[in-house]
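This report concerns only the one structure given below.
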Amino acid sequence: MTLKEQIKAYLAKKYSETRWPNVYLAEVAHEFGPETTNALNELCAEGIVSPSNGINGKLVIYTEDSEEIELNKKRFANRQL
């Protein structure tokens, strides 16, 4: 299982337990180590997660909705231009 798949599974598990899509980036980085950034960038490109700013730090927002995934892909593509 790749790091990207592990992170996706971790976020999906957290979401199924809490029904809350926001997870602090620091929590994910602490759990998976320094290579987390590349894996999260790949998940952003796929629309599975999107970045945001929270009150206490940066957030990773997980989504399972196919329409939201397509919107996230478009937002990510627009940021790359």
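Would you kindly derive the ³J(HN,Hα) couplings of the range 24-39 from the backbone phi angles with the Karplus curve 6.51 cos²θ - 1.76 cosθ + 1.60 (θ = phi - 60°), listing them in order in whole Hz, with x for Gly and Pro?
Working through the residues one at a time gives 5, 4, 4, 5, 5, 5, 5, 6, 10, x, x, 7, 4, 4, 4, 5 Hz.
Give the carbon-plus-sulfur fraction of the accessible surface of the range 1-53 in %, rounded to a whole number; probe 1.4 Å, heavy atoms of protein chains only. Intermediate values should be presented prior to the final figure.
Numbers: 1730 of 3270 Å².
Percent of accessible area from carbon and sulfur atoms in the range 1-53: 53.
Using the Karplus curve 6.51 cos²θ - 1.76 cosθ + 1.60 with θ = phi - 60°, what ³J(HN,Hα) values do you get for each residue of the range 7-19, in whole Hz, with x for Gly and Pro?
Working through the residues one at a time gives 5, 4, 5, 4, 5, 5, 5, 4, 5, 5, 6, 10, 6 Hz.
In Å², and per residue, what accessible area does the chain have when probed at 1.4 Å with the other protein chains present? Don't jump to the answer; show the numbers that get you there.
On the way: 5480 Å² over 81 residues.
That works out to 68 Å² per residue.
Put +1 on the Cβ of every Lys and Arg and -1 on every Asp and Glu Cβ in the chain; which of Pro51, Ala9, Ala29 then has its Cα farthest towards the positive end of the dipole?
It is Pro51.
To the nearest 20 Debye, how big is the dipole of the range 1-57 about its Cα centre, given +1 on the beta carbon of each Lys and Arg and -1 on that of each Asp and Glu?
Numbers: 5 positive and 7 negative charges, 38 e Å.
Rounded to the nearest 20 debye, it is 180 debye.
Count the net charge of all other residues whose Cβ sits under 14 Å from the Cβ of Ala39, scoring Lys and Arg as +1 and Asp and Glu as -1.
Working: positive: Lys4, Lys8; negative: Glu5, Glu31, Glu35, Glu42, Glu46.
Around Ala39, the surrounding residues sum to -3.
Roll a 1.4 Å probe over the protein heavy atoms and report the accessible area of Ser50 in Å², nearest 10.
Ser50 has an accessible surface of roughly 20 Å² with all protein chains in place.
Before anything else, pin down the relative contact order of the range 11-81: Cα pairs under 8 Å, at least 6 apart, normalised by residue count, whole percent. Before the final figure, lay out each step's value.
On the way: 79 pairs, mean separation 22.9, N = 71.
About 32 percent, as a whole number.
For the range 1-25, list residues with backbone N below 17 Å from a point placed 7 Å from the Cα of Lys58 toward its Cβ?
Only 4, 7-8, 22-25 fall inside the zone, counting backbone N under 17 Å.
The values are calculated or read from the model by the stated rules, or taken from the named source; none is laboratory data. Worth saying up front: this structure is predicted, and the values here are computed from it rather than measured. Heads up, the Cβs are rebuilt from the backbone with ideal geometry, glycines too, and the neighbour counts pull from every protein chain shown. These accessible areas exclude ligands, DNA and RNA; they are computed on the full protein's heavy atoms, side chains included. Shrake-Rupley method; radii C 1.70, N 1.55, O 1.52, S 1.80 Å.
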